[in-house]
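Student: Encoded as structure tokens, here's the structure I'll be asking about.
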Amino acid sequence: MSTKREVSVELYQVGKWYGHRRVFVGVSARVEWGKVLVVAGPNGSGKTTLLRILSGLTRPTRGEVVLRLDGRVLAPAEWRFYLGLVAPEVALYEELTAEENVEFFARVRGLGLKRGEIEKRLAQVGLAERGRDLVGEFSTGLKQRLKFALALVHDPPILLLDEPGTNLDEAGRALVEQVIAVQRRRGVTVLATNNPREVEYGDQVLQLGA
């Protein structure tokens, strides 16, 4: 059973622009343990950019992002140890098997997983029978499932999902719902989408491009 922790993601008047092109400005929100923040809006509204800022991959032009865990503000250098990210830009090693990808990403997180644990992680995302297959042979839907396994390998208190249902069939979309339900008992979720079904997962909705 997951233990409740004090965890929050906070945005204070965050803005981002590239040259003269303003993506968004004045974005503020706060999401705490057990809650889901949905970032909604049409294509080009800045959903992915905002998640990149939350993951530490991009700096905001203005404003501040604060991640808190157990009463402590996390330094940006620490973020990756407490974040899980599912996004189109997450790179998989196609010359490796699914098991080898999980093992590698776990080591990056400072974890040494035994084979049984790796197999368990893959089974949780519906890849129990594909662990020893090369990822380069996977369909786009199977690759999306693997991204979930990699994002969750260290049981992160903060989970970022960018269009998580992309390339998934109905069973895969049910997996997304299951992951979000589990994450509610572990920490917080920030989900970027323009899919009406996924918007319904949110306790709060942050609308961009309005």
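Student: Going residue by residue through segment 17-32, is there one that turns out to be among the basic types (Lys, Arg) and in contact (Cβ under 8 Å) with a residue 40 or more places away in the chain?
Tutor: no
Student: Related question: For segment 104-125, which positions are surrounded by 20 or more Cβ atoms within 10 Å (Cβ to Cβ) and either in a loop (DSSP other than H, G, I, E, B) or among the basic types (Lys, Arg) (or both)?
Tutor: ARG121, VAL125
Student: Would you point out the residue of segment 67-99, among those that are of a type in the set (D, E, K, R) and outside any loop (DSSP other than H, G, I, E, B), that is surrounded by the fewest Cβ atoms within 10 Å (Cβ to Cβ)?
Tutor: Going through the qualifying residues, I end up with ARG72.
Student: Within segment 128-151, can you find the residues that are closer than 30 Å to ARG5 by Cα and touching a Lys or Arg at 6+ places or on another chain (Cβ under 7 Å)?
Tutor: Matches in segment 128-151: ALA149 only.
Student: I would also like to ask the following. Do any residues in segment 194-209 that are within 21 Å of GLN13 (Cα to Cα) have Cβ atoms under 8 Å from those of residues that are assigned to a helix (DSSP H, G or I) and not hydroxyl-bearing (Ser, Thr, Tyr), where the two are at least six apart or on different chains, and which pairs are they?
Tutor: VAL205/VAL199; LEU208/LYS47; LEU208/LEU50
Student: Scan segment 134-143 and give yes if some residue there is part of a strand (DSSP E or B), in contact with an Asp or Glu (Cβ under 8 Å, 6 or more places away or on another chain) and buried (at least 17 other Cβ atoms within 10 Å of the Cβ), otherwise no.
Tutor: The answer is no; no qualifying residue exists.
Student: Also, I was wondering about something else. Residue check, GLU129 against (1) in a loop (DSSP other than H, G, I, E, B); (2) in contact with a Leu (Cβ under 8 Å, 6 or more places away or on another chain); (3) without any contact (Cβ under 8 Å) to a residue 24 or more places away in the chain, all met but one. Which one?
Tutor: Here GLU129 clears every test but (2).
Student: Inside segment 154-172, can you point out the residues that are closer than 16 Å to VAL102 by Cα, under 12 Å from the mean Cα position of the chain (by Cα) and either buried (at least 19 other Cβ atoms within 10 Å of the Cβ) or among the hydroxyl-bearing types (Ser, Thr, Tyr) (or both)?
Tutor: The one that is closer than 16 Å to VAL102 by Cα, under 12 Å from the mean Cα position of the chain (by Cα) and either buried (at least 19 other Cβ atoms within 10 Å of the Cβ) or among the hydroxyl-bearing types (Ser, Thr, Tyr) (or both): PRO156.
Student: Scan segment 149-172 and report the pairs whose first residue is assigned to a helix (DSSP H, G or I) and whose second residue is surrounded by fewer than 19 Cβ atoms within 10 Å (Cβ to Cβ) and at pLDDT 95 or above, with Cβ atoms within less than 6 Å and a gap of 6+ or a chain change.
Tutor: From residues that are assigned to a helix (DSSP H, G or I), the pairs are GLY172/GLY141.
Student: Report yes if ARG186 is outside any helix (DSSP H, G or I) and under 27 Å from VAL14 (Cα atoms), otherwise no.
Tutor: yes
Student: Which numbered condition trips up ARG22, out of (1) over 20 Å from the mean Cα position of the chain (by Cα); (2) closer than 18 Å to GLN183 by Cβ?
Tutor: ARG22 satisfies all of (1) over 20 Å from the mean Cα position of the chain (by Cα); (2) closer than 18 Å to GLN183 by Cβ except (2).
Student: Being within 20 Å of GLU103 (Cα to Cα), among the aromatic types (Phe, Trp, Tyr) and more than 17 Å from the chain's Cα centre (by Cα) is the requirement here; does PHE138 meet it?
Tutor: Against the criterion (within 20 Å of GLU103 (Cα to Cα), among the aromatic types (Phe, Trp, Tyr) and more than 17 Å from the chain's Cα centre (by Cα)), PHE138 qualifies.
Student: Please identify the pairs in which a residue from segment 72-87 that is farther than 16 Å from ARG59 by Cβ has its Cβ atom under 6 Å from the Cβ atom of a residue that is among the polar types (S, T, N, Q), counting only partners at least 6 apart or on another chain.
Tutor: As it stands, the answer is LEU85/SER55, since those pairs meet every condition given.
The values are calculated or read from the model by the stated rules, or taken from the named source; none is laboratory data. Because the structure is predicted, anything quoted here is derived from the model rather than measured. Because the Cβ atoms are built from the backbone with ideal geometry, glycine has one as well, and the counts that use them run over all protein chains shown.
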